[in-house]
1. Just the number, please: carbon plus sulfur as a percent of the accessible area of the chain, 1.4 Å probe, no ligands or DNA/RNA counted.
2. Modelled label-to-label distance, LYS127 and SER367, 7 Å Cα→beta-carbon offset: nm?
3. What is the Cα coordinate range of region 239-279 on the first, second and third principal axes, sorted by size from largest, in whole angstrom?
4. Expected output is a single nm value to one decimal: the length gained when fully extending between LYS247 and LYS332, i.e. 0.36 nm times separation in residues minus the C-alpha distance. What is it?
5. So, in nm, how far is label ARG160 from label ALA96 when the simple model puts each one 7 Å beyond its Cα toward the Cβ?
6. For region 282-327, what D do you get in µm² per second when you plug the Kirkwood radius from alpha-carbon pairs into Stokes-Einstein at 10 °C and 1.306 mPa s?
7. How big is D for region 128-186, in µm² s⁻¹ as a whole number, if Stokes-Einstein is applied with the Kirkwood radius of its Cα pairs at 10 °C and 1.306 mPa s?
8. Restricting everything to alpha-carbon atoms, can you work out Rg to Rh for region 208-296 with a Kirkwood hydrodynamic radius?
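The values are calculated or read from the model by the stated rules, or taken from the named source; none is laboratory data. Bear in mind that the values here come from a model prediction, so they are computed numbers and not experimental data. Please note: Cβ atoms are built from the backbone with ideal geometry, for glycine as well, and neighbour counts cover all protein chains shown. Surface areas here come from the heavy atoms of the whole protein model, side chains and all, with no ligands, DNA or RNA. Shrake-Rupley method; radii C 1.70, N 1.55, O 1.52, S 1.80 Å.
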Amino acid sequence: MVEARHCAGCGVGIQIEDPKKPGFVPSGALAKEKIICQRCFRIKHYNEVAQVSMDDNDFIQILNEIGATKALVVKVVDIFDFNGSWLKGLHRFVGANPILLVGNKLDLLPKAINTNRLVNWMKYEAKQLGLKPVDVVLCSAEKGTGIERLVEAMSTYRKRQDVYIVGATNVGKSSLINRLLKEYGEGDTELTTSRFPGTTLDMIEIPIDEKTSMFDTPGIINRDQIVHMVSPEDLKLISPEKAINPKVFQLNDNQTLFLGAMARIDFVRGDKQSFVVYASNRIHIHRTKLEKADELYLTHRGTDILSPPSGEKASMLPPFRRASFKIPPGEKKDIVISGLGWITLGTAGAWVDVYAPEGVSVLIRNSLI
């Protein structure tokens, strides 16, 4: 093990002994001033992902030191997957430190969204989930939107102390830090980023001034997100890369919507109303009669009608599990499928059954849009 060197991309300790373990580099790379591990090199240049032998306990152990210091904690969530990317139990390792809540990937939401309403919605939902942040900031690391506002908020609330950037995997923490460095930093530091979960493997320290630093921390894996159940190829399809186009369906009861072969929504009972699907533009949405849904799924999953996943990969998903919801008239609600998107119902009231792979979180919330 080369003790004193760390990967400039993901923060993991550099080693030359085992290509299958985190931090491996060929011995010839040790002469370089700035080293990136073989895994980061493959992600950056070939968009490949290599599995590494770190589990949830490894990540949590790395984060535990936050509670022992005085710092500002910047909690990043993916606005598109707010509930799926919510980091549960944050209070266990941040202690009494203030938390700034940042909603990243604003660019994925429809352009007509009311941002003030979205901020208030996030404050309310955070409170329901047991967190009272000192402030809420919306931004897009991809487009640079809201970065100036984020810098101002961090300067205000950190009070000349360190800053820890925390969040679940795939919320864009490293992309956000790279954007901050591009706009306000110096030097050529660049963290490895990708859509693959678990890109950052260890704490990465970036000096702010002579006395304080900003730390990129490893992403905590939320196992109830569907993104952990699909292949890298399908992950590209279900992860939006640009603003989602809501798809509106007028449904009668006893009709079904399939989101590829990933999920199924049955409108069991209620008056005719709109079902608005917010999901990646590359997921095929198929409508059918409820009485034909079972046969359609068995016959066409993995085909052009019901994909992604495509081919044999569709049959490798865990079996569907049903969640039933009774929505009272007059209330506008979202049905959220963790990692996949959400469906907004009309206000006529409805009884809905939702099927998603076993282990994927399905829940109901106040409408985001």
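1. 47 percent
2. 2.1 nm
3. Here the spans come out as 35, 19, 8 Å, largest first.
4. Full-extension gain reported as 28.9 nm.
5. 2.0 nm
6. Once the numbers are plugged in, D ends up at 134 µm²/s.
7. Taking Rh from Cα pairs, D becomes 126 µm²/s.
8. My calculation of the ratio gives 1.19.
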